[in-house]
Amino acid sequence: MSQFRTTPPRIACFVAFTVLAGVVALEGKGFPTDACTLLPATQVSKVLNQTFGSPSRTWAPVVAPSTVRGTDCIYRTQSGTEFLFRIYVEPSVDVAKETFTKLSTRFGPNKTVDGNWDEAYFDARHSLHVRKGKERYFLRLKPLGTDADQTEQQLKNLAASVAGQL
C-alpha cells in the first residue's frame, strides 16, 4: 500500500519535468552560454583574411543605466590587429530597440546596412552596429586597413553569420 502512495508524486514530477522540458525546447535556439562561440576564430580568420587567435572573453561595459552588461570577444593577430565582437542581450525587444536608437546618435554620421537583422548601421569609424530581436552587437576591426569598403563587407558577412544564429 505504501508503494502506491509514493508512486503518484513520482509520476507527477516526471510529467512536470517532461512538460517543462518540452516548453523550453519550443522556445527556440536560445542564446549560447559563451557568446564568443557565435564567431569562432577560424571563421573570423577566414573572412578577414588574417590569422586570429582564440578570443579573450571579458565583460562589455554597461552603456546606460537601464541596460545590461554585455560580452566582449577580442581576437588578435600576431601583428597586433584586433577584432572586437561585443554583444548585449536585453530583457526585451523594446528595450533593445530603444537602446539601439539612443546609441546610434553617438556614433554618427551613420550609414544604414541591410541584412538578415532588424536594423544595422556603419558608424563614422566603419564599425558595424546591429540589432536583431533583443540582441545588440558591434563589430570593429582595428586598424581598419587600406580598403574601408572591403572591410565593411567583411564585417557585414560576419554580422550576417551571427544574425543567422540568433
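Of the trypsin sites (Lys or Arg not before Pro) in segment 100-161, the ones in a loop by DSSP (not H, G, I, E or B) with at most 14 other beta carbons within 10 Å are R106, R125. For the pair D34 and S79 in one chain, pulling the backbone fully straight at 0.36 nm per residue adds 13.6 nm over the alpha carbon distance.
For segment 35-165, what D do you get in µm² per second when you plug the Kirkwood radius from alpha-carbon pairs into Stokes-Einstein at 25 °C and 0.890 mPa s? My calculation gives 166 µm²/s for D.
Any read-out appearing in this document is the output of simple, stated calculations on the displayed coordinates, not a laboratory observation. None of these values were measured; they are calculated from a predicted model. A quick note on method: Cβ atoms are made from the backbone with ideal geometry, for glycine too, and the neighbour counts reach across all protein chains shown.
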